[in-house]
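Since the structure comes first, as structure tokens, the remarks are kept for the end.
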Amino acid sequence: MRAFVMTRYGDASAMEMRDVPEPTAGRGEVLIRVRAAGLNPIDYKVRQGAMRLVHRLDLPQVAGSELSGVVEAVGAGVTRFAVGDRVFARVDKKKLGAFAPYAVVHETLVGTMPQSLDFADAAGLPLAGLTALQALRDELAVTEGDRVFISGGAGGVGTLAIQLAVRMGAQVATTASPRGQELVRSLGATTVIDYRQQRFRDVLSDYDGALDLTGGRDLSDSFAILKRGARTVSVAGLPQPANARADFDAGPLVAAALWAAGARIRHRAGRSGVGYRFLFMHPSGADLDLLAGPVDQGELRTVTDRVFPFERIADAFAHLEQGHAKGKVVVRM
Ligand SMILES: NC(=O)c1ccc[n+]([C@@H]2O[C@H](COP(=O)([O-])OP(=O)(O)OC[C@H]3O[C@@H](n4cnc5c(N)ncnc54)[C@H](OP(=O)(O)O)[C@@H]3O)[C@@H](O)[C@H]2O)c1
């Protein structure tokens, strides 16, 4: 089969279309005929080698982190899915494989696709949706009446995070350029700051939690807008020592390197009297089923920026890497 393969670490030329063998489903796995696949910044960050310290891939490898499709075959012991089911998944981080006509995923990572979505919209939901859900529910424990700040609300994660935070009862403030302002307001953000004109730390104060999607200066600025004892969870900043073992199965050397690299940001958080954690989202079929419910009830909207044919996936990446997508970029097989 023709797949989009990461051949080495490097620039865009490090990924290319190649013929690879079709995978087969092992025990507990489902073979999915991929109908669409979502693109994510993590795909090009991994290609650039940004995750190399903590997450080394066995190359060459079929790339791609999330997909939607139809179950083609099931391996021994599979109980949750049958041939013909419409499914979606954030695939195993080490195996990847979504940018191909067929992919194999363990059944525990697979969810039943929302009935109301087509394959393209469903393919963009898993990675961003799980990230938003796990950050708001597990790391920030957002509850009714909270005031939550989300930086970068117009992107793949932000468009879902705004809606999920509102569903949890929060009031949401976010940053967006004029191109994204109408969108983030339509999703439920009540305070929208044009980050090109104003620093949000000059406008906001006394927030109960912050979800950082942009990193850099925004991450340290988020500490200044929180109540004492509140927390910023970042998915765009630096992983912390605690992530080494929990998320990357890495040893004490990696933990020490992350400890040193993150010392300054932890110090800044400490000085503001707030907490800082880095979240590396985890694939989960059970959490995907939690996301599918509100989608089918019309309470969670997917936002798809552009759909490219699979043959033009390199163009899709060039578009995503410009960093201005409103919602998700997807390829259709
Ligand atoms: N740790 C994890 O598990 C995890 C999981 C998912 C994502 N992430 C990370 O989270 C980040 C966001 O992911 P994503 O998929 O949402 O990215 P994305 O879709 O590529 O985000 C693009 C959007 O961000 C906006 N933007 C860019 N710079 C901004 C700024 N300084 N302030 C406000 N908005 C800004 C852009 O709007 P304009 O062009 O209009 O400004 C654009 O709409 C990435 O760094 C990604 O790697 C991490």
Quiz prompt | Theoretical gain in end-to-end length, ALA73 to ARG2 [0.36 nm per residue, Cα-Cα removed] | solution = 23.6 nm
Quiz prompt | Accessible area (Å², per residue) of region 128-278, counting only protein heavy atoms and a probe of 1.4 Å | solution = 44
Quiz item: Of the listed peptides 146-153, 184-191, what is their order by residue-averaged count of other C-beta atoms within 10 Å, with the highest listed first?
Solution: 146-153, 184-191
Practice problem: Sort 129-142, 47-60, 274-287 for me by packing, meaning the mean count of neighbouring Cβ atoms within 10 Å per residue, highest on top. | Solution: 129-142, 274-287, 47-60
Quiz item: Taking N as the number of residues in region 128-278, what is its alpha-carbon radius of gyration divided by 2.2 N^0.38 Å?
Solution: 1.01
Self-check item: Long-range Cα-Cα pairs in region 31-109 (distance over 20 Å), rounded percent
Solution: 33
Quiz item: Taking amide hydrogens as modeled 1.01 Å from N in the peptide plane, which residues meet the under 5 Å criterion relative to ASP305, leaving out close sequence neighbours?
Solution: LYS328, VAL329
Practice problem: Name the long-range amide H neighbours of SER284: under 5 Å, sequence gap of 5 or more, or other chain; modelled H, no Pro or chain starts. | Solution: ARG90
Exercise. On a 0 to 90° scale, report how tilted helix 156-167 is relative to the longest principal axis of the chain, with both axes built from alpha carbons and the result rounded to the nearest 10.
Key: 60
Quiz item: Hey, quick one: spin label on THR190, modelled 7 Å out along Cα-Cβ, who in region 122-145 has an amide N within reach, i.e. under 15 Å?
Solution: 143-145
Quiz item: What list of ³J(HN,Hα) values in whole Hz, one per residue of region 99-106 in order, does the Karplus curve 6.51 cos²θ - 1.76 cosθ + 1.60 (θ = phi - 60°) give from phi, with Gly and Pro shown as x?
Solution: 8, 7, x, 9, 9, 10, 9, 5
Quiz item: In region 99-122, which residues have a backbone nitrogen under 20 Å from the label point lying 7 Å from LYS45's Cα in the Cα-to-Cβ direction?
Solution: 99
Practice problem: Of the listed pairs LYS45/LYS94; LYS95/LYS326; LYS94/LYS326; LYS94/LYS328, which have alpha-carbon separations greater than 20 Å here? | Solution: LYS95/LYS326; LYS94/LYS326; LYS94/LYS328
Practice problem: Tell me which residues come under 5 Å, amide H to amide H, from ARG231 once H is placed; ignore anything under 5 positions away on its chain. | Solution: ALA210, GLY275
Quiz item: What nm value, rounded to one decimal, do you get for the distance between THR108 and GLU16 when each label is placed 7 Å out toward the C-beta?
Solution: 3.8
Quiz item: For the chain, what is the largest minus smallest coordinate of the Cα atoms on each principal axis, given in angstrom and ordered from greatest to least?
Solution: 54, 47, 37
Quiz item: Sorted by average packing, counted as other Cβ atoms within 10 angstrom per residue and highest first, what order do 78-86, 305-313 take?
Solution: 305-313, 78-86
Quiz item: Hey, how many Å between the Cα centroid of region 59-109 and the Cα centroid of region 240-318?
Solution: 20
Exercise. Quantify, in whole percent, the carbon and sulfur part of the accessible surface of the chain (1.4 Å probe; protein heavy atoms only).
Key: 49
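The values are calculated or read from the model by the stated rules, or taken from the named source; none is laboratory data. Note that the coordinates shown come from a computational prediction; the quantities given were computed from them, not determined experimentally. Neighbour counts are summed over all protein chains in view; Cβ atoms, including those assigned to glycine, are modelled from backbone coordinates with ideal geometry. Accessible surface areas use protein heavy atoms only, side chains included; no ligands, DNA or RNA. Shrake-Rupley method; radii C 1.70, N 1.55, O 1.52, S 1.80 Å.
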